[in-house]
Structures are given as C-alpha cells and as structure tokens.
Amino acid sequence: MNDLRIRAAGPEDLDAVLAFWKVAAEGTSISDDRDGVERLVARDPDALILAERDGTLVGTVVAGFDGWRCHLYRLAVHPGHRRRGIGSALLDAAEERFVRLGGRRADAMVLVRNERAQHAWRAAGYAPQEQWRRWAKPLTD
C-alpha cells in the first residue's frame with residue numbers, strides 16, 4: 001500500500017472522476033454530472049477524496065460533513081484494483097477527516113441490491129439501520 005496516494009480532488013480531477021464512476025461505481029445519481037461535482041468541490045474542497053496508484057485513479061469516496069452529520073457517498077474502487085485495501089484506506093481517510101471536524105457518527109448510502117458493497121461496509125464496521133428509510137424528492141425535473 002506504500003504506492004497508494006490518498007488526496008483531495010481538485011477542479012482539474014472532475015472529468016476523470018465522472019468517467020471513473022461510470023466504470024467503478026454502482027448506479028448513478030442526479031448529482032453525477034460536472035455541475036454537481038463542481039459545486040461539491042467548491043463548497044467543501046476536501047470532501048471528494050481520491051486514491052491513486054502510479055498516477056492512476058483507482059478509488060474515490062465523498063466524505064461530506066454538514067457541521068452536524070457525516071455522510072459517505074461514492075465509495076468506489078476500480079474493478080481491477082479491488083480487494084487490495086484501497087476502500088479501507090479511503091474510509092480511514094474519510095473517518096479521520098470527520099473526527100478532525102468534530103463528527104461523531106458516519107453514515108453511508110448503500111444500494112439494497114449491491115450485496116458486494118453491503119459486505120464491504122459490514123467489514124468496515126458499519127451496520128444497516130432497519131428502522132430508517134430514505135425519503136427523497138427531486139428538486140428539478
């Protein structure tokens with residue numbers, strides 16, 4: 001893992017991140033476009049965390065903190081680089097960020113149908129909260 005570089009994304013990384021998510025992430029979101037990711041990085045420059053190996057993007061996580069809660073999104077590792085500790089390194093970086101900011105609990109968005117991701121989150125110490133259900137409303141057409 002010594003050759004793994006963890007860093008915050010900059011504006012120059014956003015096209016590569018969007019292309020990466022099409023290969024490595026499960027599903028898409030209404031915010032998975034250039035404008036959405038630009039707003040994220042402009043508002044919170046340290047929220048989008050990248051993992052690189054030999055200069056190649058191999059993983060991402062969004063570690064969003066709104067001052068009250070810690071939210072994790074887009075934990076994705078390139079299929080050719082999985083099961084090598086990259087996801088764990090990204091989660092460690094995200095959790096360290098949350099602790100520095102005063103966060104006390106992190107939550108993650110995980111698709112119900114994504115069993116591989118559910119196993120990974122459980123292995124990282126996360127557990128589903130069955131008493132909660134996500135409610136969503138698109139704000140634009």
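A few remarks follow.
- Across all Cα pairs in the chain, the calculated P(r) in 10 Å bins from zero up to the longest distance comes to 11, 43, 38, 7, 0 percent per bin.
- Relative contact order, whole percent, for the chain stands at 21, derived from Cα pairs under 8 Å and 6 or more residues apart.
- The peptide list 104-111, 129-136, put in order of mean Cβ contacts within 10 Å with the highest first, becomes 104-111, 129-136.
- Region 24-99, relative contact order [Cα under 8 Å, separation at least 6], %: 27
- Membrane-span-like helices in the chain (whole DSSP H runs, Cα extent of at least 30 Å along the helix axis, mean Kyte-Doolittle hydropathy of at least 0.5): none found.
- Dividing the summed helix terms, -39500 (n - 2.57) for each DSSP H run of n ≥ 4, by the number of residues in the chain produces a 222 nm estimate of -10000 deg cm²/dmol to the nearest 500.
Here, each number is a calculation from the coordinates, and none is a lab measurement. Just so it is clear, the structure is predicted and the values come from calculations on it, not from any experiment. Reconstructed Cβ throughout: ideal geometry from the backbone, glycine too, with neighbour counts over all protein chains shown.
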